[in-house]
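Here's the structure, in structure tokens; my notes come after.
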Amino acid sequence: MAPPQKHHILSVLVENKAGVLARVASLFARRGFNIFSLAVAPTDDERFSRITIVVDVEATSVEQITKQLNKLINVVRISELDPADSVERELLLATVRADPAQRGQVIELVQIFEGRILAVGTDVLTVSLEGAPAKVDDFEELLRPYGIVELQRTGRVALPKLVRRPRPRALRAS
Amino acid sequence: MKLTGAQALIKSLEMEGVEVMFGLPGGAILPVYDPIIDSSIRHILVRHEQGAGHMAEGYAHVTGRPGVAMVTSGPAATNIVTPLCDAYMDSIPMVVITGQVAYSSIGSDAFQECDTTGITMSVTKHNWLVTGAQEIPQVVKEAFHIASTGRPGPVLIDVPKDVSNQLMDWYWPDTVELPGYKPTTKGHPRQIKEAAQLLLGSRQPVIYAGGGILKARAAEALRELAELTGIHVVTTLMARGAFPDDHPLCLGMPGMHGNYTAVTSMQQADLLIALGSRFDDRVTGKVDGFAPAAKIIHVDVDPAELGKVRRPDVPIVGDCRLVIEELVTAVRDLLAGGVEPADCSAWNERIDGWRAKYPLAYEPPAEGDALKPQMVLEHLRDSTPDDTIVVSGVGQHQMWASQYWQFNHPYTWVNSGGLGTMGFAVPAAIGAKVGRPDRMVWAVDGDGCFQMTAQELVTASSERIPVKIAILNNAYLGMVRQWQEMFYDERYSEVYLSPDLPDYVKWAEAMGCVGLRAETPEDIQPVIDKANEIDDRPVVVDFRTDSREKVYPMVPAGQSNDAIVVPPFQEGRHGEGGH
């Protein structure tokens with residue numbers, strides 16, 4: 001599913017403590033902000049985790065969202081990544097019907113997209129694809145006619161593009 | 001030195017300078033109540049946990065120090081959620097300690113278990129579930145730091161029973177380590193300069209002072225700014241007393257039940273200098289129609305308030321006192337550099353015109369009528385010391401108290417503004433009196449509010465805390481009645497309470513207080529005089545007031561402030577500023 005027309009990616013550095021994700025989620029619920037997707041994992045520094053949140057900014061200004069997030073004691077820093085200035089990646093896992101007649105077509109599709117086949121059953125395949133969200137969307141759409149048994153996407157993670165321009169604005173208010 | 005978690009907790013509170021705490025023991029907090037016997041901290045035993053929370057708030061309101069409340073797990077924790085939310089809305093520093101079932105039992109639906117940190121997450125500035133006794137001093141230090149710095153607010157520490165019993169090596173941390181918490185206090189110099197220029201260049205400016213002035217101890221700085229620039233000041237419900245009502249530049253309270261001049265001057269201003277105020281809906285009315293021509297300078301320590309409701313032309317993040325002091329300096333520099341301030345004389349004349357035409361007023365009672373609540377308040381105001389602390393509940397009586405009292409000193413007005421918590425007055429007044437035993441403390445309460453938390457007068461009697469309660473008893477949930485009269489065709493649904501059920505005098509006496517009653521205008525003064533003489537126990541006065549009396553002026557909900565309704569006898573005073 002494509003994100004809302006006007007979305008922003010917030011890369012939120014948080015203290016790696018119990019309940020931090022609940023605080024972030026609770027804040028979004030209470031303030032009526034919409035999360036499109038959310039991914040969380042520890043960083044290279046074990047004291048911190050990074051939450052990548054794709055937010056729908058049609059309803060609320062990204063400024064108000066970041067200011068409210070910054071009020072959480074465990075939130076250390078927020079970077080706003082404009083989709084145009086960032087690299088985004090997402091991982092998809094899917095188990096797809098692939099009876100002997102169709103197996104070749106599914107394998108071909110996976111190869112075209114540079115995905116992987118992770119497991120082979122008698123009439124199903126489990127496949128994976130890592131890529132830009134739009135590519136993952138296309139892959140999902142093309143897999144669908146074969147019959148998707150189960151599908152799981154991670155939600156996107158992102159980092160700023162390495163171009164010669166100022167670093168992403170840190171949104172902790174001055 | 002080995003201490004139990006419980007001993008470490010009480011010792012940590014002592015290290016933080018806590019002198020008094022409000023609470024009620026129970027199963028999960030039992031270990032922490034044992035070292036209280038040997039502690040220098042005074043513990044005040046409440047009759048309901050909500051009372052402990054509001055007492056801590058009242059204490060914090062008048063002292064500026066965090067109020068401390070301690071209760072057990074489960075129902076005690078849920079009972080204190082209302083005060084936490086109240087304190088969160090009004091930015092009151094408060095530290096609440098709750099007991100929790102043993103850490104090993106969490107999640108098993110144990111007796112009196114509830115997810116306290118989960119439940120209170122959205123009504124605290126931060127909360128902690130302590131997982132080991134060794135953490136306790138660090139957590140307490142962080143809790144007081146967070147509660148009392150930046151935008152103040154309530155915090156909660158949830159302490160499992162087995163953690164309280166664990167042994168730990170005592171230490172007291174010198175510093176707090178909070179990488180995600182560094183409030184900005186000093187305003188940006190360029191923004192301050194821009195604000196100073198805008199301020200001197202405006203012909204119709206108004207200072208919109210909010211509760212942040214009091215939180216930042218900025219009343220003196222505000223007065224200096226107002227007197228230097230000659231700009232009039234409105235004080236919101238949370239800022240009453242932040243600028244003296246007897247000052248010629250004071251316009252009093254704006255908002256839904258603000259006076260005509262405060263509301264209209266903001267509405268027609270070309271510049272609003274918002275200092276520690278948050279453009280609350282009760283002040284702005286319909287936001288689209290609020291002060292349409294005004295530029296906005298907005299100063300707040302919480303960056304999220306800037307632009308939340310109205311986009312400021314000059315946003316300044318910082319502590320109100322520091323920013324105002326810098327602003328005063330910047331204005332002085334500009335004046336010294338030869339900048340001519342804009343001519344505000346026409347504006348000041350218009351303000352004086354509104355003041356003369358639409359003063360706060362009510363119709364005196366006809367022969368045989370019940371008491372007018374405003375009249376009771378005027379008598380009370382004129383019979384008490386100038387620095388009396390006034391505490392109110394929520395409703396008509398709150399608005400009348402805010403309107404008719406003269407608040408000439410900061411920290412003399414304690415009320416529940418943001419959350420609008422009925423039942424706030426009695427416990428908050430007790431907390432205020434504990435915090436300022438040298439001051440006279442009068443609670444102005446409604447009969448509906450009083451019935452919600454009156455049992456705390458038992459606490460006041462047993463602890464010898466001589467608060468005074470004026471019940472404006474109109475036998476109704478008066479504000480709801482007023483809305484039903486004005487907006488629901490006088491269809492009164494579930495608002496009648498009865499004037500004498502309960503019998504407030506007997507109830508007061510049963511709780512160890514002196515109970516008095518005033519039914520006629522002649523009764524008012526002698527009863528107040530008698531109440532003021534009593535200083536060894538609480539006093540409750542049952543003032544029988546007129547249920548038909550409504551709070552005016554009023555901006556109907558959802559309408560622009562231009563739609564302000566004045567009392568019927570002031571209607572038809574056409575002319576400048578008429579509606």
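The values are calculated or read from the model by the stated rules, or taken from the named source; none is laboratory data. Just so we're clear, the structure is a prediction, and the values are computed from it rather than from any experiment. Neighbour counts are summed over all protein chains in view; Cβ atoms, including those assigned to glycine, are modelled from backbone coordinates with ideal geometry.
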Going by the structure shown, is residue A:9 more than 22 Å from residue B:121 (Cβ to Cβ) and at pLDDT 90 or above? yes
For the range B:524-549 the number of residues that are in contact (Cβ under 8 Å) with a residue 24 or more places away in the chain, of a type outside the set (Ser, Thr, Tyr) and within 21 Å of residue B:367 (Cβ to Cβ) is 6
Considering only residues that are without any contact (Cβ under 8 Å) to a residue 40 or more places away in the chain and within 23 Å of residue B:454 (Cβ to Cβ), look in the range B:481-495 and name the one that is surrounded by the most Cβ atoms within 10 Å (Cβ to Cβ). B:495
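Scanning the range A:54-66 for residues that are in contact with a Leu (Cβ under 9 Å, 6 or more places away or on another chain) and over 18 Å from residue B:121 (Cβ atoms), which turns out surrounded by the most Cβ atoms within 10 Å (Cβ to Cβ)? Please lay out each step first, then the result.
If we filter the range A:54-66 for residues that are in contact with a Leu (Cβ under 9 Å, 6 or more places away or on another chain), which is where we start, we get A:54-55, A:62-63, A:65-66.
If we keep only those that are over 18 Å from residue B:121 (Cβ atoms) as well, we get A:54-55, A:62-63, A:66.
Details: A:54: 24, A:55: 26, A:62: 20, A:63: 17, A:66: 24.
Applying the filter and picking the extreme gives A:55.
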All positions within the range B:129-142 that are within 11 Å of chain A (Cβ to nearest Cβ) and surrounded by 24 or more Cβ atoms within 10 Å (Cβ to Cβ): none
Considering only the range B:232-241, how many residues are hydrophobic (A, V, I, L, M, F, W, C) and assigned to a strand (DSSP E or B)? 2
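Return yes when residue B:16 is over 23 Å from residue B:459 (Cα atoms), modelled with pLDDT of 95 or more and over 16 Å from the mean Cα position of the chain (by Cα) and no when it is not. Don't jump to the end; show me each part of the working.
Numbers: over 23 Å from residue B:459 (Cα atoms): yes; modelled with pLDDT of 95 or more: yes; over 16 Å from the mean Cα position of the chain (by Cα): yes.
So residue B:16 fits the description; yes.
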Single residue of the range A:67-98 satisfying the filter (out of contact with any Pro (no Cβ under 9 Å at 6 or more places or on another chain), farther than 24 Å from residue B:121 by Cβ and of a type outside the set (A, V, I, L, M, F, W, C)) that is farthest from the other protein chains (Cβ to nearest Cβ): A:97
Can we say residue B:406 is farther than 18 Å from residue B:429 by Cβ and at pLDDT 95 or above? yes
Scope the range B:531-574; condition over 25 Å from residue B:288 (Cα atoms) and polar (S, T, N, Q); matching residues: B:532, B:545, B:547, B:570
Restricting to the range A:47-61, name every residue that is within 12 Å of another protein chain (Cβ to nearest Cβ) and among the β-branched types (Val, Ile, Thr). A:60
Please go through the range A:22-46 and pick out each residue that is within 14 Å of chain B (Cβ to nearest Cβ) and buried (at least 18 other Cβ atoms within 10 Å of the Cβ). A:23, A:24, A:27, A:28, A:33
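The rows are residues; the columns are (1) in contact with a strand residue (DSSP E or B) (Cβ under 9 Å, 6 or more places away or on another chain); (2) outside the structural domain of residue B:387 (by TED's automatic domain parsing); (3) under 21 Å from residue B:415 (Cβ atoms).
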{"site": "B:71", "(1), (2), (3)": "yes, yes, no"}
{"site": "B:84", "(1), (2), (3)": "yes, yes, yes"}
{"site": "B:103", "(1), (2), (3)": "yes, yes, no"}
{"site": "B:107", "(1), (2), (3)": "no, yes, no"}
{"site": "B:112", "(1), (2), (3)": "yes, yes, no"}
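Report whether or not residue B:56 is crowded, with 24+ Cβ neighbours inside 10 Å and not in a helix (DSSP H, G or I). Reasoning before the result, please.
Working: crowded, with 24+ Cβ neighbours inside 10 Å: yes; not in a helix (DSSP H, G or I): no.
Criteria not met by residue B:56.
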Starting from the range B:13-39, take each residue that is in the same structural domain as residue B:102 (by TED's automatic domain parsing) and list its partners that are among the charged types (D, E, K, R), counting only C-beta distances under 7 angstrom and pairs at least six apart or across chains. B:19/B:42; B:20/B:42; B:24/B:49; B:28/B:161; B:31/B:161; B:39/B:14
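Conditions (1) touching a helix residue (DSSP H, G or I) at 6+ places or on another chain (Cβ under 8 Å); (2) under 26 Å from residue B:61 (Cβ atoms); (3) within 14 Å of another protein chain (Cβ to nearest Cβ), marked per residue:
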{"site": "B:244", "(1), (2), (3)": "yes, yes, no"}
{"site": "B:280", "(1), (2), (3)": "no, yes, no"}
{"site": "B:285", "(1), (2), (3)": "yes, no, no"}
{"site": "B:289", "(1), (2), (3)": "yes, no, no"}
{"site": "B:294", "(1), (2), (3)": "yes, no, no"}
{"site": "B:303", "(1), (2), (3)": "yes, yes, yes"}
{"site": "B:322", "(1), (2), (3)": "no, yes, no"}
{"site": "B:328", "(1), (2), (3)": "yes, no, no"}
Filtering the range B:464-490 down to residues that are of a type outside the set (A, V, I, L, M, F, W, C) and either touching a helix residue (DSSP H, G or I) at 6+ places or on another chain (Cβ under 8 Å) or at positive phi (or both) yields B:464, B:466, B:468, B:473, B:474, B:476, B:478, B:482, B:489, B:490
Condition met for residue B:43 (in the same structural domain as residue B:110 (by TED's automatic domain parsing) and in a strand (DSSP E or B)): yes
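Scanning for something under 14 Å from the mean Cα position of the chain (by Cα), modelled with pLDDT of 95 or more and within 30 Å of residue B:52 (Cα to Cα), does the range B:383-390 turn up at least one residue?
Within the range B:383-390, the first condition is being under 14 Å from the mean Cα position of the chain (by Cα), and the residues that meet it are B:389-390.
Those still in the list that are modelled with pLDDT of 95 or more too: B:389-390.
After this cut, where a residue has to be within 30 Å of residue B:52 (Cα to Cα) as well, the list is B:389-390.
Within the range B:383-390, one or more residues are under 14 Å from the mean Cα position of the chain (by Cα), modelled with pLDDT of 95 or more and within 30 Å of residue B:52 (Cα to Cα).
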Determine whether residue B:159 is out of contact with any helix residue (DSSP H, G or I) (no Cβ under 6 Å at 6 or more places or on another chain) and in contact (Cβ under 8 Å) with a residue 60 or more places away in the chain. yes
Let me spell it out: the conditions are (1) more than 13 Å from chain B (Cβ to nearest Cβ); (2) on the phi > 0 side of the Ramachandran plot, and residue A:19 meets all of them except one. Which number is the exception? (1)
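Of these, B:104, B:40, B:73, which one is over 23 Å from the mean Cα position of the chain (by Cα), surrounded by fewer than 19 Cβ atoms within 10 Å (Cβ to Cβ) and under 24 Å from residue B:427 (Cα atoms)? Let's see the steps before the verdict.
Details: B:104 fails: under 24 Å from residue B:427 (Cα atoms); B:73 fails: surrounded by fewer than 19 Cβ atoms within 10 Å (Cβ to Cβ).
Answer to the check: B:40.
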Residue selected from the range A:7-16 under the condition among the aliphatic types (A, V, I, L, M) and touching a Lys or Arg at 6+ places or on another chain (Cβ under 9 Å), by the criterion farthest from the other protein chains (Cβ to nearest Cβ): A:9
Quick check: is even one residue across the range B:100-107 in contact (Cβ under 8 Å) with a residue 40 or more places away in the chain, among the aromatic types (Phe, Trp, Tyr) and either within 11 Å of another protein chain (Cβ to nearest Cβ) or closer than 23 Å to residue A:18 by Cβ (or both)? yes
Would you check which residues across the range B:83-133 are over 18 Å from residue B:32 (Cβ atoms) and in a strand (DSSP E or B) and list them? B:126
Have a look at A:9, A:53, A:35 and point out the one that is under 17 Å from the mean Cα position of the chain (by Cα) and without any contact (Cβ under 8 Å) to a residue 24 or more places away in the chain. A:35
Of B:352, B:386, which residue is under 18 Å from residue B:242 (Cα atoms) and either free of Cβ contacts under 8 Å to residues at least 40 places away in the same chain or among the basic types (Lys, Arg) (or both)? B:386
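Name the one entry in B:417, B:423, B:435 that is touching an Asp or Glu at 6+ places or on another chain (Cβ under 7 Å) and farther than 20 Å from residue B:546 by Cβ.
Working: B:423 fails: touching an Asp or Glu at 6+ places or on another chain (Cβ under 7 Å); B:435 fails: touching an Asp or Glu at 6+ places or on another chain (Cβ under 7 Å).
Exactly one of B:417, B:423, B:435 is touching an Asp or Glu at 6+ places or on another chain (Cβ under 7 Å) and farther than 20 Å from residue B:546 by Cβ, namely B:417.
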